[in-house]
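For reference, the structure discussed in these notes is given below.
Bear in mind these aren't lab numbers, they're just calculated from the coordinates by the rules spelled out. Small disclaimer: the values here were computed from a predicted structure and weren't measured. So basically every Cβ, Gly included, is an ideal-geometry build from the backbone, and we count neighbours across all protein chains shown.
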Amino acid sequence: MSAEPAAAGAAPGPRSRSERTAGSRLLILDAAVACLVEDGFAGASTLAVQARAGVSRGRLLHHFPSRAELLVAAAEHLSTTQLDEVRRRAAALMEDEPTGRERVDRAIDLMWATFQEPPFWAAMELWTAARTDPELRAALRGEERRLRASIAAVADGIWGPEIAGAPAYADLCELLFTSMRGVALVYAFQDRPAATDPHLALWKRLAARLLDLDSQG
């Protein structure tokens with residue numbers, strides 16, 4: 001007699017070894033992100049991550065032999081997820097295809113908003129700790145280069161080909177990135193709405209000037 005077809009909605013079979021490995025790695029990364037964002041670098045010990053993830057010590061060390069590797073991988077995981085979210089937000093924000101100064105203003109608003117979110121603060125925790133931690137500093141270097149390239153690619157999509165092709169575009173992005181990073185640090189100890197920060201108007205005026213948008217009407 002032929003076998004009965006599987007009933008609709010039947011429970012899935014056991015996961016493969018590779019699926020279990022990927023699942024435990026994701027559990028560890030999510031736990032490390034939570035520790036890093038909520039408790040800072042000092043609170044993101046391997047023991048704290050292990051406890052939050054609910055995995056064995058051996059399982060954690062199998063995936064991440066050192067704390068530096070674990071926390072850099074966690075920051076990469078968080079940033080990759082966030083960049084995907086920024087792409088979605090940018091697509092919705094630019095759905096009506098604004099041009100000129102209107103597009104620039106929206107792009108700057110979106111760019112600034114990302115400096116108030118968990119990936120930025122996780123990065124700040126790691127960058128600060130790396131000053132006195134050679135192992136962490138070495139682990140961060142490669143990831144920082146990769147992340148900057150990913151951010152640049154997302155930024156190009158937000159600004160659009162017309163603006164991204166302007167002669168001053170690269171200089172403008174670098175200026176905005178470094179300036180926003182510096183201003184955002186103030187929000188670590190000041191409780192005020194970032195959306196009304198006076199620098200926003202300044203960044204928009206400088207962008208219009210560098211891109212020569214005012215002369216274009």
Residue tally, condition among the basic types (Lys, Arg) and closer than 15 Å to Ala73 by Cα, over segment 121-138: 1
Tally, over segment 108-140, of residues that are over 12 Å from the mean Cα position of the chain (by Cα) and either closer than 22 Å to Asp171 by Cα or in contact (Cβ under 8 Å) with a residue 12 or more places away in the chain (or both): 15
Val154 in contact (Cβ under 8 Å) with a residue 60 or more places away in the chain and among the aliphatic types (A, V, I, L, M): yes
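Matching residues to (1) in contact with a Gly (Cβ under 6 Å, 6 or more places away or on another chain); (2) aromatic (Phe, Trp, Tyr); (3) surrounded by 11 or more Cβ atoms within 10 Å (Cβ to Cβ):
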site	(1), (2), (3)
Ile163	no, no, yes
Tyr169	no, yes, yes
Cys173	no, no, yes
Pro193	no, no, no
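The rows are residues; the columns are (1) in contact with a helix residue (DSSP H, G or I) (Cβ under 8 Å, 6 or more places away or on another chain); (2) not hydrophobic (A, V, I, L, M, F, W, C).
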position: Glu95; (1), (2): no, yes
position: Pro98; (1), (2): yes, yes
position: Asp105; (1), (2): yes, yes
position: Phe115; (1), (2): yes, no
position: Pro118; (1), (2): yes, yes
position: Met124; (1), (2): yes, no
position: Thr128; (1), (2): yes, yes
Candidates Arg106, Arg101, filtered to the one that is touching a Pro at 6+ places or on another chain (Cβ under 9 Å), among the basic types (Lys, Arg), crowded, with 16+ Cβ neighbours inside 10 Å and assigned to a helix (DSSP H, G or I): Arg106
Among residues of segment 160-195, those that are over 25 Å from Ala122 (Cβ atoms) and either in a helix (DSSP H, G or I) or in contact (Cβ under 8 Å) with a residue 60 or more places away in the chain (or both), counted: 9
Boolean, Ser56 is polar (S, T, N, Q) and either farther than 16 Å from Leu126 by Cβ or crowded, with 19+ Cβ neighbours inside 10 Å (or both): yes
